[in-house]
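Below is one structure, written out as structure tokens; the observations come after it.
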Amino acid sequence: MMHPHAHTPTPLPLRVLAWEITRRCPMACTHCRGASRNLPYENELSTAEAFRVIDSLHAIHAHPLIIFTGGEPMYREDLETIVAYAAQKGFPCALAPCGKFASRERLQRLKDAGIQALSISIDGPTAEIHDAFRGIKGAFQFALEAMAAARDVGIGFQINHTVTKETRATLRAMRDFAIEQKATRIDYFFLVPVGRGAAIANLAMDDVETEKALDEILDLDAEGSLPVHVTCAPNIVRKIKERAHAPKSRFNGCMAGAGFCFLSHLGELQPCGFFDKSAGNVRDFQLDFPAAFKASELFQSLHAGPTGGSCGTCTFRLSCRGCRARAYALTGDPLTHDPSCHF
């Protein structure tokens with residue numbers, strides 16, 4: 001018997017679904033939102049359950065971009081099977097591997113299944129910096145080999161780079177590194193201190209440092225050498241308005257609960273991966289994702305925009321929206337101001 005919300009005709013405000021297909025990961029990243037460990041996790045969504053989640057979205061003609069992430073998604077032996085099922089239903093599919101298992105042969109199989117793009121994290125232009133941040137020796141080499149394999153099989157990839165007080169000085173170097181690797185884009189992720197990242201909260205930049213970093217990123221964008229993006233720093237929307245010329249790249253405000261959803265390895269819906277609060281579980285709705293999404297009061301409140309603090313009265317309330325994950329992590333209130341902005 002279907003859940004009573006299952007046939008609600010209202011379309012989902014969903015453009016991107018990041019799906020943590022497993023939490024297991026061979027890395028030990030200092031900032032890991034899920035504090036992932038290199039061991040099997042119990043009760044993860046099965047292949048059959050994944051199919052039902054996909055079917056529920058397909059049934060209402062909702063086909064967001066699905067980013068299969070983790071943990072390390074390549075630990076799933078059924079990854080190609082799930083990707084192929086989603087792709088055959090019309091979902092664009094991307095993959096976010098750590099690089100360790102991204103051989104040419106495996107990437108070719110994933111491309112054949114339907115993976116259209118990759119995102120690979122690099123947190124410094126040298127092995128010393130990246131390996132220290134990722135917690136294992138050889139992580140940088142794994143990433144280099146993964147990017148080479150992606151080039152060989154013809155899958156485009158973007159580079160994700162975590163921005164902290166320590167990596168702030170390498171923004172240009174990382175852009176240049178991404179160009180050398182023939183990446184399609186570089187995405188600067190501003191640290192949100194959750195999971196293991198809570199232990200390095202002192203490395204999160206304050207509002208003044210964030211402003212300077214965003215100015216430099218917009219300067220890099222203006223050079224037009226490579227498309228750039230920022231994640232968890234939606235105040236770049238305001239910074240753009242302060243400039244004389246429109247950016248060359250496309251930027252957006254916070255999408256948590258407003259176009260973006262994170263689905264955990266246990267079936268929990270979250271506004272984003274860094275927003276450590278469940279908005280419901282698909283298992284409680286017979287694997288009906290739209291029903292779970294529409295029943296969530298948290299998603300409804302986030303979609304309406306922030307209401308508290310300076311974000312609640314800001315001119316950019318519905319365009320920037322402030323980082324909802326950071327607001328929740330640092331204040332406990334997902335609808336109040338984003339502490340990384342001093343506007």
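One table, with the values for the structure above:
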{"quantity": "Residue list for the stretch 232-267, filter: closer than 30 Å to Pro73 by Cα, in contact with a Pro (Cβ under 9 Å, 6 or more places away or on another chain) and not aliphatic (A, V, I, L, M)", "calculated": "Ser249, Arg250, Phe251, Asn252, Gly253, Cys254, Gly257, Gly259, Phe260, Cys261, Phe262"}
{"quantity": "Number of the condition not met by Asn38 [criteria: (1) open to solvent by 10 Å² or more (accessible area, probe 1.4 Å); (2) at pLDDT below 95; (3) touching a Gly at 6+ places or on another chain (Cβ under 9 Å)]", "calculated": "(3)"}
{"quantity": "Pairs, first over 27 Å from Arg326 (Cα atoms) and modelled with pLDDT of 95 or more in the stretch 176-191, second of a type in the set (D, E, K, R) and surrounded by fewer than 18 Cβ atoms within 10 Å (Cβ to Cβ), C-beta under 7 Å, six or more apart", "calculated": "Lys182/Arg151"}
{"quantity": "Helices (runs of 4 or more DSSP H) fully within the stretch 227-343 counting 3 or more residues that are closer than 28 Å to Thr184 by Cβ and of a type outside the set (S, T, N, Q)", "calculated": "236-241, 324-331"}
{"quantity": "Identity of the residue in the stretch 116-128, out of contact with any His (no Cβ under 7 Å at 6 or more places or on another chain) and under 24 Å from Val230 (Cβ atoms), that ends up surrounded by the most Cβ atoms within 10 Å (Cβ to Cβ)", "calculated": "Leu118"}
{"quantity": "Test: residue in the stretch 165-174 that is open to solvent by 60 Å² or more (accessible area, probe 1.4 Å) and outside any helix (DSSP H, G or I)", "calculated": "yes"}
{"quantity": "The listed residue being surrounded by fewer than 17 Cβ atoms within 10 Å (Cβ to Cβ), of a type outside the set (Ser, Thr, Tyr) and touching a Ser or Thr at 6+ places or on another chain (Cβ under 8 Å), out of Asp78, Asp55", "calculated": "Asp78"}
{"quantity": "Asp78 vs. criteria farther than 14 Å from Ala149 by Cα and modelled with pLDDT under 95", "calculated": "no"}
{"quantity": "Listing of strands (runs of 3 or more DSSP E) fully contained in the stretch 32-129 that carry 3 or more residues being of a type outside the set (Asp, Glu) and out of contact with any helix residue (DSSP H, G or I) (no Cβ under 8 Å at 6 or more places or on another chain)", "calculated": "65-69, 115-121"}
{"quantity": "Members of the stretch 196-225 that are open to solvent by less than 60 Å² (accessible area, probe 1.4 Å) and not in a helix (DSSP H, G or I)", "calculated": "Ala204, Met205, Gly224"}
{"quantity": "Residues of the stretch 130-156 classified as assigned to a loop (DSSP other than H, G, I, E, B), among the basic types (Lys, Arg) and either in contact (Cβ under 8 Å) with a residue 24 or more places away in the chain or more than 14 Å from Pro26 (Cα to Cα) (or both), total", "calculated": "0"}
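For every residue, the table says whether it meets (1) closer than 30 Å to Pro40 by Cα; (2) under 22 Å from the mean Cα position of the chain (by Cα); (3) open to solvent by 60 Å² or more (accessible area, probe 1.4 Å).
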position	(1), (2), (3)
Arg243	no, no, yes
Ala258	no, yes, no
Cys261	yes, yes, no
Cys272	yes, yes, no
Ala279	yes, yes, no
Asp288	yes, no, no
Gly308	no, no, no
Arg317	no, yes, yes
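The values are calculated or read from the model by the stated rules, or taken from the named source; none is laboratory data. Note that the structure is a prediction, hence the values are computed from the model and not measured. Quick reminder, even Gly has a Cβ in these numbers, built from the backbone with ideal geometry, and neighbours come from all protein chains shown. Areas reflect the complete protein model, heavy atoms only, side chains present, ligands, DNA and RNA absent. Shrake-Rupley method; radii C 1.70, N 1.55, O 1.52, S 1.80 Å.
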